[in-house]
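The values are calculated or read from the model by the stated rules, or taken from the named source; none is laboratory data. Computed from a prediction, not measured in an experiment: that's the story for all the values here. Positions of Cβ are backbone-derived with ideal geometry, glycine not excepted, and every protein chain shown enters the neighbour counts.
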Amino acid sequence: MSEQDCIFCKIIAGEMSARVIDEDERTVSFMDINPATNGHALVIPRTHAADLLSVEREDLQAVALAAQRLANRMRERLAADGVNLINSCGAAAWQTIFHFHVHVIPRYRSDPLRLPWIPKPGDQQQIAQAASALEGG
């Protein structure tokens, strides 16, 4: 897949919509439209890299720091009991969008999530409410 066809590159360029909840000079974080739990978000580097094996070190570090920042917000603002960080590298590891990304998944004692989850469309109002709670610094 080329950068021109990459959904995440289109989000960064403003050609596709996403509920952006955090960004800095190297990363963008936005809500997953197929959430595993309430508040599930993605962190991506602004520069296209297909996967974990090809992402530049500085972008990898920036994504990790952004994921940590977001995980802290999830615990504080969504009362998450824990957080999973998940990266899938390659189709055999369930990667479906070939732009490096990290799933930041808030976990709740009562959530039914068992990994691997099977993505299905989420409740748009619930996604918007969680996004509102997570936006900004």
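Working carefully through the options 42, 70, find the one that is more than 15 Å from residue 87 (Cα to Cα) and under 10 Å from the mean Cα position of the chain (by Cα).
70
Could you figure out which of (1) part of a helix (DSSP H, G or I); (2) free of Cβ contacts under 8 Å to residues at least 12 places away in the same chain isn't true of residue 15?
Failing condition for residue 15: (1).
With the structure loaded, tell me whether residue 134 is surrounded by 19 or more Cβ atoms within 10 Å (Cβ to Cβ), at pLDDT below 95 and aliphatic (A, V, I, L, M) or whether it fails that test.
Details: surrounded by 19 or more Cβ atoms within 10 Å (Cβ to Cβ): yes; at pLDDT below 95: yes; aliphatic (A, V, I, L, M): yes.
When the stated conditions are applied, residue 134 passes them.
Can you find, within the stretch 86-101, the residue that is farthest from the chain's Cα centre (by Cα) among those that are over 16 Å from residue 70 (Cβ atoms) and in contact (Cβ under 8 Å) with a residue 60 or more places away in the chain?
Once the filter is applied, the top-ranked residue is 98.
Hey, does the stretch 49-57 have a residue that's buried (at least 20 other Cβ atoms within 10 Å of the Cβ) and over 20 Å from residue 6 (Cβ atoms)? Outline the logic, then answer.
At the first step, the residues of the stretch 49-57 found to be buried (at least 20 other Cβ atoms within 10 Å of the Cβ) are 55.
With the extra rule that they be over 20 Å from residue 6 (Cβ atoms), the set shrinks to none.
There is no residue in the stretch 49-57 that is buried (at least 20 other Cβ atoms within 10 Å of the Cβ) and over 20 Å from residue 6 (Cβ atoms).
From the list 70, 85, which residue is within 24 Å of residue 124 (Cα to Cα) and in a strand (DSSP E or B)? Lay out the reasoning, then the answer.
Working: 70 fails: in a strand (DSSP E or B).
Only one candidate qualifies: 85.
Limited to the stretch 102-122, what total is found for residues that are without any contact (Cβ under 8 Å) to a residue 60 or more places away in the chain and surrounded by 11 or more Cβ atoms within 10 Å (Cβ to Cβ)?
The number of residues fulfilling the criteria is 1.
Restricting attention to the stretch 18-67, which residues are assigned to a loop (DSSP other than H, G, I, E, B), farther than 13 Å from residue 103 by Cα and of a type in the set (Val, Ile, Thr)?
Within the stretch 18-67, 47, 55 meet the criteria.
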